[in-house]
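The values are calculated or read from the model by the stated rules, or taken from the named source; none is laboratory data. Keep in mind it's a predicted model, so treat the numbers as computed, not measured. All Cβ positions, glycine included, derive from the backbone under ideal geometry; neighbour counts span all protein chains shown.
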Amino acid sequence: MRSTVACIPNIGPNGRRRRLIWGAMALCASVLCAAALAVGGADRRWRLVVFLPLWIAALGVLQAREKT
């Protein structure tokens, strides 16, 4: 027996679009930052700075996709 779970979105289309845009911008920022650090020859520990924008990007995209 399969049970289905109804997903009731708690965010409107404008909010989803806003989160998706923020997620895409954070992804672009993290890629640019990682590339600049790699090309600039920065120490590997400095590359951890990329973690925060990547996290924001993942949150934005996942929340937009799951409508939360």
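Things worth noting here:
- Every test in (1) surrounded by 12 or more Cβ atoms within 10 Å (Cβ to Cβ); (2) without any contact (Cβ under 8 Å) to a residue 40 or more places away in the chain; (3) among the charged types (D, E, K, R) is passed by R2 save one, and that test is (1).
- Filter result for the condition that a residue is exposed (fewer than 12 other Cβ atoms within 10 Å of the Cβ), over 16 Å from the mean Cα position of the chain (by Cα) and at pLDDT 90 or above, over N14, N10: N14
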